[in-house]
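**Student:** Below is a structure I'd like to ask you about.
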Amino acid sequence: MAFLQVGRINTFYEQSHILFDLSLDVNEAEIVCLLGRNGAGKTTTLRSLMGLTPPRSGSIIFRGQELVGLPPHRIAQLGLGYVPEDRRIFPNLTVWENLDVARKSEPDGQQSRWTIERVFALFPQLQTLARQRGGHLSGGEQQMLTIARTLMGNPEVLLLDEPSEGLAPVVVHLLKEQLKQLKQTGMTMILTEQNVRFVSELGDRVYILEKGTICYEGSMPEFLANPEVRQTYLAV
């Protein structure tokens, strides 16, 4: 069985049906990329996994446990960490305080896998800004802080919603290199994006969403070798 298995979920916003029998699976230490145009259902998929917009039907199995019906805080405790597109840092807290408030309490005698020192090693820019308030950071710095803060909760699966959105090209390149380092630690990730170039060196497998359904699935090399798929489902 896959590390995380999504089986035919249907998700609604009030009466609007957004995801239609959506199924996907994620293996441990794998990066799965969810691609698609605006409005395809990428963000709703991540929100469904986190229980923020719970599916009305279907199944989400993580490490053999059903997640559908659990509240978001319980899903986070089980090992899913969500990095939203709008970042949602605490603007009046410093970088260090943003990280410290997200620190996960571990059972007595058990050492946390992610510490402030470890996330500073991954994002050295944040260490130089440790006493800076979150609201004074650039967009790229806020994105790094959001990812770092989520890591402080010791997730086993990281859900990243369009991390390159709105960032300058030089920052996008830096963030890609940092996510490569994170991948080398064995972190499992689900990454939604519209920027194919950004994910091409990160992802192991690709799902493409269109109107709330999966319309393509393949390995990253297969996807990159298929310009017709990119033209059909991703061209604006």
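**Student:** In contact (Cβ under 8 Å) with a residue 40 or more places away in the chain and over 19 Å from the mean Cα position of the chain (by Cα): is that true of S138 in this structure?
**Tutor:** No; evaluated as a whole, the condition is false for this residue.
**Student:** Now a separate question. Tell me which of these A235 doesn't satisfy, since it passes every other one: (1) more than 26 Å from P169 (Cβ to Cβ); (2) exposed (fewer than 15 other Cβ atoms within 10 Å of the Cβ).
**Tutor:** (1)
**Student:** Same structure, new question: Taking the stated definitions as given, is L145 outside the structural domain of T44 (by TED's automatic domain parsing), of a type outside the set (K, R) and closer than 19 Å to Y82 by Cα?
**Tutor:** Spelling it out, L145 is indeed outside the structural domain of T44 (by TED's automatic domain parsing), of a type outside the set (K, R) and closer than 19 Å to Y82 by Cα.
**Student:** Of all the residues that make up segment 163-196, how many are among the aliphatic types (A, V, I, L, M) and under 18 Å from R118 (Cα atoms)?
**Tutor:** Qualifying residue count for the region: 5.
**Student:** Going through L24, L49, L35 one at a time, which residue ends up being farther than 18 Å from Q65 by Cβ and assigned by TED's automatic domain parsing to the domain that holds G203?
**Tutor:** Values: L24 fails: farther than 18 Å from Q65 by Cβ; L49 fails: farther than 18 Å from Q65 by Cβ.
Of L24, L49, L35, the one residue that is farther than 18 Å from Q65 by Cβ and assigned by TED's automatic domain parsing to the domain that holds G203 is L35.
Here's the yes/no breakdown for (1) touching a helix residue (DSSP H, G or I) at 6+ places or on another chain (Cβ under 7 Å); (2) surrounded by fewer than 23 Cβ atoms within 10 Å (Cβ to Cβ):
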| site | (1), (2) |
| --- | --- |
| L4 | no, no |
| F12 | no, yes |
| S23 | no, yes |
| L46 | no, no |
| M50 | yes, yes |
| R56 | no, yes |
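**Student:** Give, as residue ranges, the helices (runs of 4 or more DSSP H) completely inside segment 1-108 that count at least 3 residues that are of a type in the set (S, T, N, Q) and at pLDDT 95 or above.
**Tutor:** 42-50
**Student:** Let me ask something additional. Restricting attention to segment 132-146, report how many residues are in contact with a helix residue (DSSP H, G or I) (Cβ under 8 Å, 6 or more places away or on another chain) and closer than 18 Å to T115 by Cβ.
**Tutor:** 2
**Student:** Let me ask you something else. Considering segment 134-151 alone, what residues qualify as being surrounded by fewer than 23 Cβ atoms within 10 Å (Cβ to Cβ) and out of contact with any strand residue (DSSP E or B) (no Cβ under 8 Å at 6 or more places or on another chain)?
**Tutor:** Answer for segment 134-151, where residues must be surrounded by fewer than 23 Cβ atoms within 10 Å (Cβ to Cβ) and out of contact with any strand residue (DSSP E or B) (no Cβ under 8 Å at 6 or more places or on another chain): G135, H136, L137, S138, G139, G140, E141, Q142.
The values are calculated or read from the model by the stated rules, or taken from the named source; none is laboratory data. All values derive from a computational prediction rather than experimental measurement. Reconstructed Cβ throughout: ideal geometry from the backbone, glycine too, with neighbour counts over all protein chains shown.
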